[in-house]
Amino acid sequence: MSIALVIPDRDLSRLVAALQQHLPEVVIEQWPNINQPEQVEFAVVWKQPAGSLQQFPALKAIQSYGAGVDSILRDPHLPALPLSRIVDPKLAMAMIRYLDAVLRSYQLRLDQFARQQQLAQWRPRGPRPINHICVLGLGELGQAVAAHFVDEGFSVTGWSRSLKQLAGVQCFAGTDGFPAAVAAADLVICLLPLTSLTEALLNEQQFALFKKGAILINVARGAIVDDRALLAALDSEQLQAACLDVFSQEPLPAAHPFWSHPKVTVTPHISAVTNIDTAVNQIVENYRRSQAGTPLLHQVDSDKEY
Ligand code: NDP
């Protein structure tokens, strides 16, 4: 029996060493150099090439190496097996730190002062008023983020598929709840999973429901945002600014208008990176569960796609 790591284009030496330490009796193989595909019973995957898991006839379960599973579910040849994802309080902490830093930089108008510096312009201004925050997606990350901003004294609304009850957060759900969730928000944070229902969800119609001059932060997946609609909303001043950590195509192509747009801040998908120690603990636990035939931790609902 063995575990296959199907995680292209990454140095996996730390992950392999940590797994081997926990599971010395198990062979760990790295795609594409799988010597005994018929022995593979558990696969850890991230952006796997389509069809790559079909070569493992004894596969019992699939483990995402991250919190999202959209890149895994996109594979038309994905075996119909239990799929689980990483859920990590440290990931939520990293996301909170990123979002808090971005919010504070907008409050201080650091984006505007950076542009003024390019032009040697000395124009002092007071802080930007940001009082109301909307969090789209109230899952593992969204709930932690919403709770943080409630603690920081902001007025917080949240939006999800099923209605939540969260201390201090005014919650809305479903298509009908979207307008009220975003209506008063100075800053909207996207923490939705990318699914067939959320693809291009943030489009011209939805931006028109935002408060005029709102700021968007997208830390979820790029394809949830319609890029052209976002650029149009920024140019028409319906939106004041956008901070984007995720993109439909990554790396963001050199010619993409986001790179040079004066109201867009680009970060290269670094807001919250999988913590190797937490990931290894969950991978090991799920490997053992798959061997024992018991339900995996943090299993994905394939109908909901998250
Ligand atoms: P969860 O699966 O825990 O939560 C998803 C939330 O989105 C839930 O509240 C869910 O509603 C809601 N949701 C899903 N579909 C819809 C819909 N159609 N309409 C309204 N609400 C919807 O995800 P996480 O919080 O763990 O992560 C969110 C996403 O963040 C990940 O999918 C990933 O893409 C991204 N991410 C980005 C990282 C980065 O570095 N930039 C790092 C980690 C994650 P309900 O509660 O009712 O099910």
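Return a whole-number percent for the relative contact order of segment 129-251, with Cα pairs under 8 Å and 6 or more residues apart as the contact set. Write down the numbers at each step before the final one.
Working: 258 pairs, mean separation 26.4, N = 123.
Contact order relative to length: 21 percent.
Within a Cβ distance under 14 Å of SER2, other residues only, what is the Lys/Arg minus Asp/Glu net charge?
Surrounding charge for SER2 is -3.
In nm, give the distance between the simple-model label positions of ALA114 and ASP303, each being 7 Å from the Cα along the Cα-to-Cβ direction.
If labels sit at ALA114 and ASP303, their model points lie 4.4 nm apart.
Normalise the Debye intensity by I(0) for segment 1-50, one equal point scatterer per Cα, no solvent, then take log10 at q = 0.30 Å⁻¹ and round to two decimals.
-1.30
What shape does the chain take by its C-alpha gyration tensor, where a ≥ b ≥ c are the square roots of the eigenvalues and a/c under 1.5 counts as rounded, a/b above b/c as prolate, and the rest as oblate? Don't skip to the answer; put the middle values down first.
On the way: a/c = 2.14, a/b = 1.86, b/c = 1.15.
Verdict is prolate for the chain.
Rounded if a/c is under 1.5, else prolate if a/b is larger than b/c, else oblate: which is segment 160-239, with a ≥ b ≥ c the root eigenvalues of its Cα gyration tensor? Could the numbers behind the result be given before it?
Working: a/c = 1.91, a/b = 1.31, b/c = 1.46.
Taking the square roots of the gyration eigenvalues as a ≥ b ≥ c, segment 160-239 is oblate.
Under 22 Å between alpha carbons, and skipping anything fewer than 8 positions from LYS60 in its own chain: which lysines qualify?
LYS47, LYS304
Quick one: Debye curve from the alpha-carbon atoms of segment 1-148 only, equal weights, vacuum; give me log10 I(q)/I(0) at q = 0.15, 0.20 Å⁻¹ to two decimals.
Scattering profile of segment 1-148, log10 relative to I(0): -0.85, -1.17.
Give me the net charge for the shell around HIS256: Cβ to Cβ below 15 angstrom, other residues only, Lys and Arg +1, Asp and Glu -1.
Numbers: positive: ARG228, LYS263; negative: ASP226, ASP227, ASP245, GLU250.
Here the count lands on -2.
Given the -39500 (n - 2.57) contribution per DSSP H run of 4+ residues, what per-residue ellipticity at 222 nm results for the chain, rounded to the nearest 500 deg cm²/dmol? The partial results should precede the final answer.
Details: 9 runs with 95 residues, N = 306.
It lands at -9500 deg cm²/dmol.
Around ALA50, what is the net charge, scoring Lys/Arg as +1 and Asp/Glu as -1 over all other residues with Cβ under 13 Å from its Cβ? It would help to have the intermediate numbers written out before the result.
On the way: positive: LYS47, ARG74; negative: ASP75.
With Lys, Arg at +1 and Asp, Glu at -1, the neighbours total +1.
Give me the dipole magnitude in Debye, nearest 20, for segment 48-116 about the Cα centre, with unit charges on the beta carbon: positive for Lys and Arg, negative for Asp and Glu. If you can, show how the numbers build up before the last one.
On the way: 8 positive and 5 negative charges, 41 e Å.
Roughly 200 debye for segment 48-116.
In vacuum, with every alpha carbon of segment 41-112 counted as one equal point scatterer, what does the Debye formula give for log10 I(q)/I(0) at q = 0.13, 0.17, 0.18, 0.23 Å⁻¹? Two decimals, please.
Reported log10 I(q)/I(0), two decimals: -0.53, -0.68, -0.72, -0.95.
Rounded to whole Hz and in sequence order, give me ³J(HN,Hα) for segment 20-27 from the Karplus expression 6.51 cos²θ - 1.76 cosθ + 1.60, θ = phi - 60°, writing x for Gly and Pro.
Karplus values, whole Hz, x for Gly and Pro: 5, 5, 6, 10, x, 7, 9, 7.
Let me know the charge dipole size of the chain about its Cα centre in debye, to the nearest 20, where only the beta-carbon of Lys, Arg (+1) and Asp, Glu (-1) is charged. If you can, show how the numbers build up before the last one.
On the way: 24 positive and 29 negative charges, 175 e Å.
For the chain, the charge dipole is close to 840 debye.
Sort 250-259, 281-290 by the packing proxy (mean of other Cβ within 10 Å over each peptide's residues), most packed first. Show your work: numbers first, answer last.
Numbers: 250-259: 12.0, 281-290: 19.8.
So the order, starting with the most tightly packed, is 281-290, 250-259.
Calculate the spin-label point distance for ARG288 paired with ASP100, positioning each point 7 Å from the Cα along the beta-carbon direction, and give it in nanometres.
In this crude spin-label approximation the distance works out to 3.3 nm.
Over its Cα atoms, what ratio of radius of gyration to 2.2 N^0.38 Å does segment 243-306 give? Spell out each step's value before the answer.
Details: Rg = 18.1 Å, N = 64, 2.2 N^0.38 = 10.7 Å.
Against the empirical 2.2 N^0.38 Å value, I get 1.70 for segment 243-306.
Using label points projected 7 Å from each Cα along Cα→Cβ, tell me how many nm separate ARG10 and ALA255, to one decimal.
Taking the two extended label points, one gets 3.1 nm.
Please check: in the Gaussian network model of the chain (C-alpha springs, under 10 Å), which one of THR267, THR198, THR294 has the largest mean-square fluctuation.
For the chain, modelled as a Gaussian network with Cα springs under 10 Å, the answer is THR294.
Report the full-extension gain for the segment ALA184 to ASN35: residue separation times 0.36 nm, less the Cα-Cα distance, to one decimal in nm.
Details: separation 149, 0.36 × 149 = 53.64 nm, distance 5.71 nm.
In short, 47.9 nm is gained.
Give me the percent relative contact order of the chain, please, defined on Cα pairs under 8 angstrom at least 6 residues apart.
16 percent
With a ≥ b ≥ c taken as the square roots of the eigenvalues of the C-alpha gyration tensor of segment 154-289, please select rounded if a/c is under 1.5 and otherwise prolate if a/b is larger than b/c or oblate if it is not? Don't skip to the answer; put the middle values down first.
Details: a/c = 2.06, a/b = 1.22, b/c = 1.69.
Verdict is oblate for segment 154-289.
Just so you know, all these numbers are worked out from the coordinates, no wet-lab data involved. Predicted model, so just to flag it, every value in this text is computed and none were measured. Counting neighbours? That spans all protein chains shown, and the Cβs are built from the backbone with ideal geometry, glycine included.
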